[in-house]
């Protein structure tokens with residue numbers, strides 16, 4: 001029986017070791033990076049806060065991947081061809097040893113982009129509030145413009161931007177701050193918009209130019225950036241990018257179903273959290289909701305559209321959620337006038353009232 005000698009490949013450790021961190025990528029992300037037009041990757045984390053742990057994530061422009069450090073008991077070496085005297089030699093040389101690697105996963109983040117923005121952005125209430133009121137706002141700790149704030153939220157820019165639109169958040173040039181409007185401010189701005197459509201003969205049910213309503217709204221003191229944020233939120237998806245790119249010249253069509261539901265939900269949130277001492281009369285509320293809509297959309301207002309908001313707002317009420325609009329604990333409207341009676345069950349009362 002013949003035998004063959006196999007001396008293997010010469011292996012050595014480089015005198016100067018380098019520092020590497022291995023990153024394990026899921027197949028879908030690896031395929032994306034190997035595509036003809038690979039996206040840019042970024043590693044993000046929350047702004048460091050004393051006493052609060054932070055975590056890092058890996059982001060594409062549209063997705064977020066959680067990062068977790070995993071230790072291994074195996075010996076993992078990073079090697080390169082060996083060299084001697086400036087020329088290649090036989091074998092390989094280990095230039096680094098890795099005892100851990102970063103594992104990526106697309107699991108759901110512990111906090112949504114919307115929650116991050118609500119925690120970071122100061123609340124805008126009315127035109128009477130001056131810039132000094134926001135001088136100590138949380139946004140200043142994370143930057144005052146949109147891009148600076150997104151840089152300190154451990155989620156992709158697309159997820160942050162979607163939450164920004166959902167909240168009608170805006171950057172104010174006059175107030176030098178990024179802000180999120182309260183339900184009271186949104187309700188007032190919407191009423192101002194409806195008044196402007198009458199004064200300027202603008203039809204919200206067809207394509208129009210939002211800038212036609214700027215003068216009417218700014219005369220009442222509302223920032224035009226807030227007006228633009230409302231229209232961006234309510235615009236049809238195919239019109240939104242044009243409006244964002246050119247708010248002064250862009251045209252838009254309003255998403256009818258989204259608009260009707262948003263107006264009702266915003267009015268309901270204002271009634272529940274800001275006027276909570278007053279019971280909600282379902283009949284009066286429905287009439288007020290219809291009056292705040294274009295004539296052709298009045299009959300679209302229905303309690304069925306707000307079922308999801310019933311659940312969300314009731315959960316906020318029963319959890320003792322701090323009302324972001326005034327810094328106090330939100331309570332529920334009730335027709336029960338006994339001072340010791342438990343307040344709540346507002347959704348059930350509204351359902352009974354509308355029967």
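Laboratory data are not the source of any read-out in this text; all were calculated from the coordinates shown. Because the structure is a prediction, the values reported are computed rather than measured. As a convention, Cβ positions derive from the backbone with ideal geometry for all residues, glycine included, and neighbour counts pool all protein chains shown.
What order do you get for 43, 153, 254, 56 when you list them from fewest to most C-beta neighbours inside 10 Å?
Result, fewest neighbours first: 43, 56, 254, 153.
Ranking 212, 203 by Cβ neighbours within 10 Å, fewest first, what do you get?
The order, fewest Cβ neighbours first, is 203, 212.
Principal axis lengths of segment 12-105 from Cα atoms, whole Å, largest first?
The Cα atoms of segment 12-105 stretch 48, 41, 24 Å along their principal axes.
What Kirkwood Rh does segment 218-313 have if only Cα atoms enter the pairwise 1/r average? Answer in Å.
Value: 14.9 Å, from the Cα pair sum.
How large are Rg and Dmax for segment 144-249 when calculated on the C-alpha trace, in angstrom?
Computed over the Cα atoms of segment 144-249, radius of gyration and Dmax are 14.0, 44 Å.
Just want the ordering: 244, 280, from fewest to most Cβ atoms lying within 10 Å of their own Cβ.
Result, fewest neighbours first: 244, 280.
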